[in-house]
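Comments concern the structure below.
The values are calculated or read from the model by the stated rules, or taken from the named source; none is laboratory data. For clarity, every value in this text was computed on a predicted model and none was experimentally measured. Please note: Cβ atoms are built from the backbone with ideal geometry, for glycine as well, and neighbour counts cover all protein chains shown.
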Amino acid sequence: MAALEVEILTLFPRMCAGYLAESILGKAQEAGIVDLRVTDIREFAAGKHRVTDDAPYGGGAGMVMKPEPLTEAVLAARARLPGARVLLTSPRGRKLDQALARELAAAGRLVVACGRYEGVDERVTAAVDMEVSVGDFVLTGGELAALCIVDAAARLVPGVLGNEESAGAESFGGQDGLLEHPHYTRPPVYRGMEVPAVLLSGDHRRIERWRRREALRATRDRRPDLFARLRLAEDDIRLLEAGDDEL
């Protein structure tokens, strides 16, 4: 059995299927590490035209996703994935971060329902476990949010990434919550911009200290909100101001 089983419920399956079949997620499926399924919510809509939306009670702009098709889709997914954690993409939900991604990866089974139109009938929430947001902005639909959720969780499953150290070394990946340090590859000089000499030195201790310093600086300069929550060791404080020759 796959370490992570996920079913995405959407009105636009092709929007999700293409992404899930490519790159790391595609290879993880081929290896049997993850099992990712996409289900069309319209399969659970009644009538010849499979209508999934209607005008909102009380008036107002836009259309609202009807409760029956989405709820039935969720219940069918629960039957296929017993014990699954069921998520609904929603701007009012818990914000996706690395801590939540770890929770979802550990859950083993997920169902992700994609919202659409002006919103989802409130009665659908009775069938889900939690609502999840990917940020304080509005998308046309929940498909992009669902893919973010699945990607963030799946890459934390052992075996999904080629290098098992990658997930822990990336931004937000470690226990300290730092942004990632800068990366460089060949050529050593590009348009007059040189790779930092310390990375070419072969001195692994200096390289690790350089990476730590640059991660600290990136977090301080680009995400002061994260930096303010850090508990810095005395060596970190010294590293922040150290020059390359002091590493």
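Details
- Within the stretch 207-231, the set of residues being surrounded by 14 or more Cβ atoms within 10 Å (Cβ to Cβ) and more than 19 Å from Thr185 (Cβ to Cβ) comprises Arg209, Arg212, Arg213, Leu216, Arg217, Thr219, Arg220, Arg223, Leu226, Phe227, Leu230.
- Looking across the stretch 94-118 at every residue that is touching a residue at least 60 places away in the same chain (Cβ under 8 Å) and within 22 Å of Tyr57 (Cβ to Cβ), the one that is surrounded by the most Cβ atoms within 10 Å (Cβ to Cβ) is identified as Ala113.
- Test: residue in the stretch 88-109 that is in the same structural domain as Phe12 (by TED's automatic domain parsing) and on the phi > 0 side of the Ramachandran plot: yes
- Any hit, the stretch 128-137, residues being surrounded by 15 or more Cβ atoms within 10 Å (Cβ to Cβ) and among the aromatic types (Phe, Trp, Tyr): no
- Near pairs, Cβ below 8 angstrom, 6+ apart or cross-chain, from the stretch 213-230 (outside the structural domain of Val198 (by TED's automatic domain parsing)) to any residue that is surrounded by 17 or more Cβ atoms within 10 Å (Cβ to Cβ) and modelled with pLDDT of 95 or more: none
- Test: residue in the stretch 137-159 that is over 18 Å from Tyr19 (Cβ atoms) and among the charged types (D, E, K, R): no
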